[in-house]
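Notes follow once the structure below has been shown.
The values are calculated or read from the model by the stated rules, or taken from the named source; none is laboratory data. Just so you know, these numbers come straight off a predicted model, no measurement behind them. Counting neighbours? That spans all protein chains shown, and the Cβs are built from the backbone with ideal geometry, glycine included. With ligands, DNA and RNA removed, areas are computed over all heavy atoms of the protein, side chains included. Shrake-Rupley method; radii C 1.70, N 1.55, O 1.52, S 1.80 Å.
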Amino acid sequence: MPGLRGGSRTKGGWRLALATLLAVSAAGAAEPDRRVVLLLSSGDEARRDILVGAIRAQLGDLPVGVVVERTEGPTEKLRDRLDLAAGACKKHAAMGAFFLEAELADDLIVYLIEPEAQRALVRRIKKTQGAEQAGVEEMSLVVRSTVGALLEGREIGMEQGPEIAPKPPPPAVPPPVVAPPVARPREAPAPGPRDPFRARLDAHYAGESYAPEVGWQSGLGVELSVSPDGVSFFGLGYVASAPVEVERDAARVRVGRYPLRAFAGYELPIDRLRFVGQLGVVGELDRRSTTKTAGGVAPTESDDQLGWAVSPRVGVRYDVGQRTSLGLGVGADLFLNVSEYVVDLPGGRETLLTPYRVRPRAAAGLAVDLW
């Protein structure tokens, strides 16, 4: 009887041990709290199964569950693939989601997307011709090492991939724009003079055809004018030039000329151009002197003569600055009285100089508005 009682206690102990082992096994078979997601791009079904089997074998001893999902929807673009992986990671509350590209001819590519990551991590594995299984094994090892790093909080040995930015929201439909009532534009006022009162100083080259016995005469002209309205001008001008000198066998004569011109003008402004018209009166003092005579010819005393002329001008000015303009002009001096310069000889009279009654003129210069 003692022996039977001892045997009964032994049998009860084995039952308790077996129950404990079954409880531990059941607890070990429960799905772990942590999991990862595998997404495989569409391709050969057999290749997909080989990849999943190799990865499951590598992760079998790690406390992590594996969720395998097939890709749905468009995956032609990289952005679409990463979005699918990020969505699956959040859906299954996984530590990370792996997107596996196995259909490429040369490479196997693994993308890892973490729940809160803003970028994808990527690893590229080169295929070897005739040794495809080696590439599969290397990919499964990469996944295992990456999952191990996720579990232990270590740095993951993968390259930074593209950013995972949220897709831009669809453009909002703007509210209808109600056009404001069209206001009739006001008529722009007619352009007027820049200033109500202006004073101008003009310096210019002055050329003139004076007489047939001498060539073209050149000098420096200056004008000072004022305008009450910016378009009508009144002023005085003077031209300084070298004396005219002509010589014959009998004598040599020099004529110094001192012309003073009073004028009134009008300027028509068109944008930066100003068309000019002037009418003036010239009073010219001619001072003659005989500088040489031949034998038997007595020189006459020097004398002065005042000539009068009507002086029309036309021209154009171009504003190069707020107060500066360049000008060109032509005109003529129509003299009312002219005198010839002659030598009285025993055998007759010889003409030395015959000034023109109508003398063409040209001018080019710079004008500055003083105020």
Among the listed residues Tyr258, Tyr266, Tyr238, which satisfies the condition of being without any contact (Cβ under 8 Å) to a residue 24 or more places away in the chain and either surrounded by 14 or more Cβ atoms within 10 Å (Cβ to Cβ) or part of a strand (DSSP E or B) (or both)? Tyr238
Among Leu352, Leu345, the single one that is within 17 Å of Arg252 (Cα to Cα) and surrounded by 16 or more Cβ atoms within 10 Å (Cβ to Cβ) is Leu352
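Kindly establish whether Ala179 is modelled with pLDDT under 75, more than 30 Å from Leu326 (Cβ to Cβ), in a loop (DSSP other than H, G, I, E, B) and not charged (D, E, K, R). Talk me through it step by step, then tell me what you get.
Details: modelled with pLDDT under 75: yes; more than 30 Å from Leu326 (Cβ to Cβ): yes; in a loop (DSSP other than H, G, I, E, B): yes; not charged (D, E, K, R): yes.
The answer is yes for Ala179.
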Limited to the range 68-96, what total is found for residues that are part of a helix (DSSP H, G or I), open to solvent by 40 Å² or more (accessible area, probe 1.4 Å) and of a type in the set (D, E, K, R)? 4
Can Val314 be described as closer than 24 Å to Pro360 by Cα, out of contact with any Ser or Thr (no Cβ under 6 Å at 6 or more places or on another chain), open to solvent by 60 Å² or more (accessible area, probe 1.4 Å) and part of a strand (DSSP E or B)? yes
Index of the failed condition, Pro189 passing every other in (1) more than 30 Å from Phe233 (Cβ to Cβ); (2) at pLDDT below 65: (1)
Among residues belonging to the range 192-210 that are open to solvent by less than 80 Å² (accessible area, probe 1.4 Å) and among the charged types (D, E, K, R), point out the one that is modelled with the lowest pLDDT. Asp195
How many of the residues in the range 269-292 are in contact (Cβ under 8 Å) with a residue 40 or more places away in the chain and in contact with a Ser or Thr (Cβ under 9 Å, 6 or more places away or on another chain)? 7
Identify the single condition in (1) under 20 Å from Gly365 (Cβ atoms); (2) modelled with pLDDT under 95; (3) open to solvent by 60 Å² or more (accessible area, probe 1.4 Å) that Gly296 does not satisfy, given that it satisfies every other one. (1)
Just give me the residues in the range 126-154 being modelled with pLDDT under 80 and over 18 Å from Leu62 (Cα atoms), in sequence order. Lys126, Lys127, Thr128, Gln129, Gly130, Ala131, Glu132, Gln133, Gly135
Residue under evaluation Gln305, criteria (1) of a type outside the set (Lys, Arg); (2) open to solvent by 40 Å² or more (accessible area, probe 1.4 Å); (3) under 60 Å from the mean Cα position of the chain (by Cα), criterion not met: (3)
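Report yes if some residue within the range 48-67 is modelled with pLDDT under 75 and part of a loop (DSSP other than H, G, I, E, B); otherwise report no. Break it down into steps so the answer makes sense when it comes.
Within the range 48-67, the first condition is being modelled with pLDDT under 75, and the residues that meet it are none.
No: the range 48-67 contains no residue that is modelled with pLDDT under 75 and part of a loop (DSSP other than H, G, I, E, B).
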